[in-house]
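Scroll down for the structure; my scribbles are underneath it.
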Amino acid sequence: MKKKLLVASLLALAGTGAMAQSNAFEGFSAGVKVSSVGTSTTISDNAGSVNLGQQSIVPTVELGYAYGVSKEIVLGLTATYDLTETKAGSVNNVNLKGENHYSINFKPGYVFNNTTQVYAIVGYNSMTGKISNGGAKATSTYNGFGGGAGIQALISKNIYVQAEVQQLTYDSKTFSGVTVKPSATVGTLGLGYKF
């Protein structure tokens, strides 16, 4: 009987210790973001290269889960999807744009207090790149990686705001001797709900 009581007490203490390590940012979340995306696309061939760029405002949805390792450390995983296309520049009737952009991001964070955390962002990104010149079109999938940082603040128990900045770099594709390599700088403001 005493052994059972001792085991039950130890399990209760272990459970209390685990609860004490949780933090306000752990759990599932969903949010909407608005991003200012500054693209930079290098187009090159044997004659040389040109760099095109354009700014776009892009709405995005985000789903995520964060695990509280301790009161100060949280490990997050998010997935995002852009709701509109990203303009990537134009020259001589040639237009560039990105569509169906999504990302999967790892976000290790540090919690300063019970309402604010800062985090790093390391992510995989993919989009459909389209080049059009009158009736001629070329489409390809571009994959790449991004890195950056963000800050998230709870304005109530379940509602948060966040700001992020990232640099995205994609692989290059070659069409008929012309190589296209996109990249982007992204600044984001978001509002979300933590379940």
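We did not get these values from a lab; they are worked out from the coordinates using the rules stated. Only a predicted model underlies this, so the values are computations on that prediction, with no experimental measurement involved. Quick reminder, even Gly has a Cβ in these numbers, built from the backbone with ideal geometry, and neighbours come from all protein chains shown.
Here r is the Cβ-Cβ distance between SER132 and PHE195 and R0 is 45 Å; the resulting FRET efficiency, rounded to 0.05, is 0.60. Report the relative contact order of the chain, percent, no decimals, based on alpha-carbon pairs under 8 angstrom and at least 6 residues apart. Relative contact order for the chain comes out at 21 percent.
Sorted on the mean count of surrounding Cβ atoms within 10 Å across their residues, most packed first, peptides 45-57, 71-83 read 71-83, 45-57. Gain on full extension, evaluated as 0.36 nm per residue between VAL118 and THR169 minus their Cα-Cα distance, stands at 16.1 nm.
Taking only the Cα atoms of the stretch 41-125, the ratio Rg/Rh comes out at 1.17, with Rh defined as the Kirkwood radius. Each label was represented as a point 7 Å from its Cα along the Cα-to-Cβ direction; for ASN100 and SER22 these points are 3.9 nm apart.
Pairs of Lys residues in the chain, spaced 8 or more positions apart or belonging to different chains, with C-alpha separations under 25 angstrom: 26 in total.
Applying Stokes-Einstein at 4 °C and 1.567 mPa s to the Kirkwood radius of the chain, computed over alpha-carbon pairs, gives a translational diffusion coefficient of 69 µm² s⁻¹. A helix-only calculation puts the chain at -3500 deg cm²/dmol for mean residue ellipticity at 222 nm, using -39500 (n - 2.57) for each DSSP H run of at least four residues, averaged over all residues.
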